[in-house]
Amino acid sequence: MGIFSKLFGSKDPIESMKAEDLRIMEIKLNRKIEELQAEVRETESEIAKLFEKAKAAKSKSEELTLARRIKTVSQRKEMKTAAQAKLDKELRAVSNMLILKEHQADLQAAGVWDKVKKLEPEKLENWLVAQNLEAQDRDEIVSSIIDMTSTAMLTGVEQEDDLDDILSAIRAVKDGDLDPEEAEEVVNENKGYGKEYRPKDLE
């Protein structure tokens, strides 16, 4: 499950979430992260105490018992640390989404707000998780989003351009220059007809 679907369900966060809702969500996530950090510190303290106790162990059996307890607490710490890492990602996505909403007027003026709304949720989510928009000023934020939307649109064009090879092969089959079996091989090997493949009688 993606971060957006977990936090917002089926709602479109760009359209449906208000800035105030995102601020409340940001506060809740910060509180959860602080609670987990405190729990992680508790497990670290518990592990240290168990090691201190192990110094005075009088038998191999006692050492083994303490080692098992240390392992159990360490595993609990790892689970809490992993949970905190997930919450950190969620917080970054929400915080950056809030910044987008706060700069909506600027983005609309720059002509990129509609492009942001049309992005695939997964692409937008990955971008928001990877950014630190809080450290940028207004112009930097707008420039970053313009670059992001431009790159996303170009990626879509490149994917569509992949059809050129197939269309070239179709035309070659229709013209009798290529057998269907040969065309299938060209496509499977990602050889663009007209780029690498040449009919035998032209070689």
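Tabulated results
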item: Test result for residue 120, loosely packed, with under 15 Cβ neighbours inside 10 Å, modelled with pLDDT under 85, of a type in the set (Asp, Glu) and out of contact with any Leu (no Cβ under 6 Å at 6 or more places or on another chain); result: yes
item: Neighbours by Cβ (under 8 Å, 6+ apart or cross-chain): first from the range 17-37, in the same structural domain as residue 90 (by TED's automatic domain parsing); second in a helix (DSSP H, G or I) and among the acidic types (Asp, Glu); result: 19/102; 29/90; 33/88
item: Long-range neighbours under 8 Å by Cβ, at least six apart or interchain, first residue under 14 Å from residue 134 (Cα atoms) within the range 83-98, second modelled with pLDDT of 90 or more and polar (S, T, N, Q); result: 91/30
item: Residues (surrounded by fewer than 20 Cβ atoms within 10 Å (Cβ to Cβ) and aliphatic (A, V, I, L, M)) located in the range 100-116; result: 105, 109, 110, 112, 116
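Yes or no, residue by residue, for (1) part of a helix (DSSP H, G or I); (2) at pLDDT 65 or above; (3) out of contact with any strand residue (DSSP E or B) (no Cβ under 7 Å at 6 or more places or on another chain):
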residue: 145; (1), (2), (3): yes, yes, yes
residue: 160; (1), (2), (3): yes, no, yes
residue: 165; (1), (2), (3): yes, yes, no
residue: 169; (1), (2), (3): yes, yes, no
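The values are calculated or read from the model by the stated rules, or taken from the named source; none is laboratory data. As the structure is a computational prediction, the values presented were derived from the model and not from experiment. Glycine gets a Cβ as well: all are built from the backbone with ideal geometry, and neighbour counts include every protein chain shown.
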